[in-house]
Each structure stands twice: as C-alpha cells, then as structure tokens.
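Just so it is clear, none of the values below were taken in a lab; they were calculated from the coordinates. Just so we're clear, the structure is a prediction, and the values are computed from it rather than from any experiment. With ideal geometry, Cβ positions are generated from the backbone for all residues, glycine too; neighbour counts draw on all protein chains shown.
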Amino acid sequence: MITLHEVSKTYDLGKGSAVAAVNGVNLEICQGEFVIIIGRSGSGKTTLLNLAAGLTRPTSGKVVFEGVNLWDLTDTQQSFLRNQKIGFVFQFPSLLPTLTVLENVSLPPTFGAQTPAGEVRARARELLEQVGLSDKLNVYPRQLSAGQQQRVVIARSLINHPKALLADEPTSNLDEKTELEIMDLFAELHASLGITLVMVTHTRQLVSYGTRSVEMAQGKIVNGNGVPIFETRSERI
Amino acid sequence: MSLFQLAWKNISGNAFRSWVVAICALIVAAFALFITIVLRGAETSLQLASDRLGADIIVVPTGAEAKVEGALLMGIPAKFWMPSANLEKLAAIPGVENVSPQVYLETLTGASCCSVPSMFMIAYDPLTDFTIRPWLKQELGEGLDLGEVVGGSYISATEGKQNIRIYGYLVTLKGNLEPTGTGLDQSMFFTLDTARDIARISQTQAETVLSIPADQVSAALIKVEPGGDPHRVAIQILQKIPDVTPIESASLFQSSRKQLASLLQTILSMMGLTWALSVVLIGLVFSMAANERRRELGVIRALGATRAYISQSLLAEAGILALCGGAVGIALAVLAVFLFRRLIIVSFGIPFLLPSPGSLVLQISIGLFLACFSVCLAALFPAIKISRQDPAVAMRE
C-alpha cells in the first residue's frame, strides 16, 4: 500500500551543514497492517512517517502510495489523496482552537469532495460517539483533557473513511491510563475497520499492539523491516 | 464549513490581531474617504463658483483682487470702488460683447437696523446683467423687483416669514439658490435700484448710513465676443485703462486653487505615509499571525487543504477584516464630514460642497476598495510564504 524506495531526507541547517534525518530507507507497508515504528528521539521515525504521508518531499528516492508516486502528483492531487485516503493523529494538540469538537471533526471534508454538510455532521457525531465523546460536541478543545483531545483527533482522522491511519507518537503527552485507552481504541479500530495503521512511538511496550514493528536508528531501519521481532498484538491477546 | 466560515472563526478567535488589522483598515478607509470628499468638494465648489460668476473677465480696482476672491469664495464682505466711467471704456475695447457693473456691499455688525450681521451683498444692473439673471431665472423663474432679494443657500428670513432687515430697510427674500459651498451661499443678491433704495432709507432708519458713491461701481463683469480671446482682451484692458486689474475666469480663485494644490500635496503625503505604515503594520501582524499559526496551518495542509486554500483562507480573513474595518471607517468619515463641514471650511480655508449621493457612493466604493486592497496586499506575502512551506516543516516546533 505504501512503499518507500531508497528514500532519504536531508535537512539543510545553513552555513554548509546538513543533517540526514532519513538515509536510504526501503519500506513496504501492506494493506491492513498495524506497523509500529520505534526508535530513540532523533532516529528519524517522525520524518519517515511524514515522508510516507507526503508531508515532506524526500531529498532522494520514491514514495509510492497505492501504486502512485506521491511526488509525481500536483499539490491539488496530493492534497486530495491525503484528504481522502490518509488519516493523521499527531503528537501535539492538533485541534483548531477556534472550532468546536464537532466542527473540528467535520473539518477535513471541507477540503475534499463536496459531501453534503448534513451527512458530514451525522458521520462526525457517529465517530464522536464511537470514541466516547458524544456529550462534548459543542465544547472547545481547551475545555477537554489531553486524552479527550486525542480521541477527537482520532475521530477527525476517520471522517473521510481513510485507507491508512498514520499516528505520530499519539500517546506521548498522555498519562499511562489514558495511553492504554487510546492504544486500545487504535487496536479496536484496526480490528473493526481493517484499516492500515502506522504508528510512531518511542515506548517499546506499545509494540505489542502492532502486527509488525520497525526499529529506526540514525535515519536507517536497523531492525524489523518485515520481521516482527517483538511480541505482536495477536500474541499478546 | 466554507472557507469564509473558517476565516470568520479564526477572526473571532484571535481578537487582538483582528482588532489591529480592522483598525488599520478603518484608518486607511476613513482617511482616504475624508480626504477625497474634502478635496472633491473643494474642487466642485470652485468650479461651481466660477460657473455661477458666468463672466469671461471680472475687472476690479487694482489691489482688490484678493478681496474679491475672499468675498466670492469665503463670503468675507468686501467694499471697493472704481469710476463707473470705466464701463464705457471697457465696452469700447475690441472683442468685448457685454459689460455689466456690480456693487459690493455689507451689512452692519451689532446694529439693530440689520437683522443679519456682516453679510456680503451683491447688487447688479438688471439692464446689462448677463451673469446673475440667467440663474435667477433658472431657479426662481423670474428676475427681481425693487425691494426683493435672493439669498445663497444659507440665507433665511429673519423678520416674519419672508423678510430681512438691512440698514432699516425690509427686503423680501424671494428664494434661495442651490448651494455652491462658497461665500456665495452666505451672500445676498439684489438690483442696483434696490441697493440705492436701501441707501436712501438708511439715511433715516439705520445706525450707520449705507453709502454708495455716485458714479462708482465695485466691479465690471465682461463677456467676450463669441470666438474671442479673453486673454487678449485682458491685456488690452491693462494697457488702456489705468488702476484696474482684469481677472480672467480661468485664473479667478487662483490663490484658492494654489492653496488647494498645496493642501492636496500635504494631504497626499500624509495619506501616503499613513497608507504605507498601515500596510507595513498589517503585513507584520499577518506575518506574526501566520508564524504563530504555522503548526495549525501545517495540520490543515496535512488534512488535505491545498496551498491555494491556505493562502485563500488567510486572504479571506484579511478581506473580512478590511471590509468590517473599512465600513466603520467610512461611516465615521461620512459622519465627520457632515458634522464638521463648517469647521473644514474655516480650518482649511477652502470652499467646500457636500458631494451628491451618486458621487458619495463612488467615493465610498473607492475608500472601501482601497482598504480591502491595502489589507489584502499586506497579507499576500505572509499568506503565500506560509502556504509554500512543507506541512511537516510547518508542524515542527
């Protein structure tokens, strides 16, 4: 589903110095997988996720999503693809502070196909009910806890029925109990929707939720490219 | 949610930034409109005054040039005399078709015999007049008889419904003329016969006698033959008649025109500076806002918004703020012009006529356009810059 061919990303730091965040990575993520990318801080895992989603242009190599090289597309085509086929959950609070919970979840369809507003709202309500926030439709993000905000973000990421959900350290700002709740929610979504899930984390214990893990260090995949080296979720269950 | 709804949500969620931008738009729109109305009003006023005068050349005693301008433009009463024998000499100059005398008078200040203080009055000769009668006929349908006067737009009856007392003489106000924004609006017009009658009555009824020297007039208005050259006629007047100055209609109100031009220059410089400062300030505010919202905009891009959507959304915010600020600015400018029009005349020392509704609508549109253009121009660079950023880079701390 998502293939990275010899992908590298180098950031120019100015004054002639540069840092290779991702260095010649090859990775294939298949439909329905729950891939967990782990690594220390600065290992390049977030950059890899951004490359896979087309959020940043690779310095070299190819990123192919469902057979299409993302960087052969125009900005409009690429944006449409992201909007329709990929859902995002970020590490930081990513809800728009000026919009209510319901408006935040209803936001992505604004950028894509013209879905009737009523339909979008009904779907948003349904998703918020699914993540246990049906009583918070009209509150603003600042009125929610960090865990609740992340649930809203998950609901938002699913509004357009995406084929893949990419999550960048979605539990790093949460307490342990909430972290487990969110991870259970991901596992439930993966099982019930058959959605492809790619999650970046530095918490090794969470690897057990995935069907495969990938470990990164110094911009390279050092372990687990296609080989489940840690205890998988199925084994855990 | 539409682009504009999202923009509006951002505007209401960022009160301080929104106020700064809206106030800048308000200042630009209000300033632009106020200046346009005042300058256009002054120009129209000068043109109307020239048109109403209706002569190709006005001849006054040498040294009275500024006085006649002050009287006709600002309504400052003036009295000056020249021999009426000049009228025949003027008529004899080749190229002159018609000559008509005028006598300039003023009412008394603080005297019970005059119910209107310090007012400029123009007496004309109905037999030769070609300047006043046409617009009297146009606006009143007839000329004036003995004891009848017509007033500028600000003149109203002070004794009963139709009368005004001048030097103890009760004149009848036959009507008012359309406003010109000049001193003519505060002046009164009557025939030479009425002037002489007032002078006669003043000897017994007034605190001070109105004196009209025999064989003297204040000014002579000249109409040049069709196809004639007023400038050539003016040169001949200078050469042949001593102690008079011919003022061609083209150069009439020259000092006011110069004053207006200098005012225009000062105001345009101030306006240019204000505009440039506003654009820079709005640009800074938008740059700061775009930077502050970098991560948020990165998220929106990740969710599927195109680069164009990001810049359009920022420009929509700018446009809405410009329209709101501009509309308030325009309302304030219009209110200020209507409330302080007299003060504008006095403080700027220029004639001023309120614009017609059509002209006002046009000027409002220009003011609003300028506000929207300025704000959108200032927001354009930050909007394009932020929209071109990689979503991943934008979302980074």
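The average projected area of the stretch A:63-160, computed from the convex hull of its Cα atoms over all directions, is 6.8 nm².
With Cα atoms as the point set, the radius of gyration and Dmax of the protein assembly as shown evaluate to 40.9, 126 Å. Rg and Dmax over the alpha-carbon atoms of chain B stand at 29.8, 97 Å.
For chain B, with a Gaussian network of springs between Cα atoms less than 10 Å apart, report the residue from B:ILE350, B:ILE201, B:ILE58 with the top mean-square fluctuation. Comparing B:ILE350, B:ILE201, B:ILE58 in the GNM, the peak value goes to B:ILE201.
Springs join every pair of Cα atoms under 10 Å in this Gaussian network model of chain A, and among A:GLN148, A:GLN77, A:GLN218 the largest mean-square fluctuation is at A:GLN77.
Measuring how big the stretch B:63-242 is from its alpha-carbon positions, Rg and Dmax come out at 16.6, 51 Å.
If you restrict to DSSP beta bridges whose two residues both lie in the stretch B:63-242, what percentage is antiparallel, to the nearest 5? Of all bridge pairs located within the stretch B:63-242, approximately 70 percent are antiparallel.
Counting only alpha carbon atoms, the long axis of helix B:192-205 and the longest principal axis of chain B meet at about 80°. Relative contact order of the stretch B:63-242, taken over Cα pairs closer than 8 Å and 6 or more residues apart, is 30 percent. Counting every pair of alpha carbons in the stretch B:142-203, the share spaced more than 17 Å apart comes to 38 percent. GNM remark for chain B: springs join alpha carbons under 10 Å apart, and the peak mean-square fluctuation among B:GLY13, B:GLY181, B:GLY152 falls on B:GLY13.
Only one residue of B:GLY228, B:TYR169, B:THR158 has its Cα farthest out toward the positive end of the dipole of the stretch B:63-242, where Lys and Arg carry +1 and Asp and Glu -1 on Cβ, and that residue is B:TYR169.
For the stretch B:1-136, the fraction of C-alpha pairs more than 24 angstrom apart is 56%.
So what's the gap between the Cα centers of the stretch A:142-186 and the stretch B:195-240, to the nearest angstrom? If we compute the Cα centre of each part, the gap is 94 Å.
Computed about its Cα centre, the charge dipole of the protein assembly as shown is approximately 1800 debye, with only Lys, Arg, Asp and Glu carrying charge at their Cβ. With the convex hull drawn around the C-alpha atoms of the stretch B:245-397, the volume per residue stands at 141 Å³. Toward the positive end of the charge dipole of the protein assembly as shown, with +1 on the Cβ of Lys and Arg and -1 on the Cβ of Asp and Glu, the farthest Cα among B:VAL279, B:LEU238, B:GLY325 is that of B:VAL279.
Of all DSSP-defined beta bridges confined to chain B, some 75% are antiparallel rather than parallel.
Relative to the Cα centre, the charge distribution of chain A, modelled as +1 at Lys and Arg Cβ and -1 at Asp and Glu Cβ, gives a dipole magnitude of about 380 debye. Assuming charge only on the beta carbon of Lys and Arg (+1) and of Asp and Glu (-1), the dipole of the stretch B:260-347 about its Cα centre is about 40 debye to the nearest 20.
The A:ALA122 and B:PHE4 beta-carbon pair, evaluated with R₀ = 30 Å, returns a calculated FRET efficiency of approximately 0.80.
Sequence-distant contacts, meaning Cα pairs under 8 Å at least 6 residues apart, place the relative contact order of chain A at 27 percent. Per-peptide packing, taken as the mean over residues of other Cβ atoms within 10 Å, places B:219-227, A:67-75, B:331-339 in the sequence B:219-227, B:331-339, A:67-75 from highest down. Roughly what angle does helix B:3-13 make with the longest principal axis of chain B, taking Cα atoms, 0 to 90 degrees, to the nearest 10? Helix B:3-13 sits roughly 90 degrees off the main axis of chain B. Each Cα pair under 8 Å and six or more residues apart adds its sequence gap; the mean of these over the residue count of chain B is a relative contact order of 29 percent. Counting only alpha carbon atoms, the long axis of helix B:230-240 and the longest principal axis of chain B meet at about 40°. The lysine pair tally for the stretch B:63-242, using Cα distances under 30 Å and a gap of 8 or more places or different chains, is 21.
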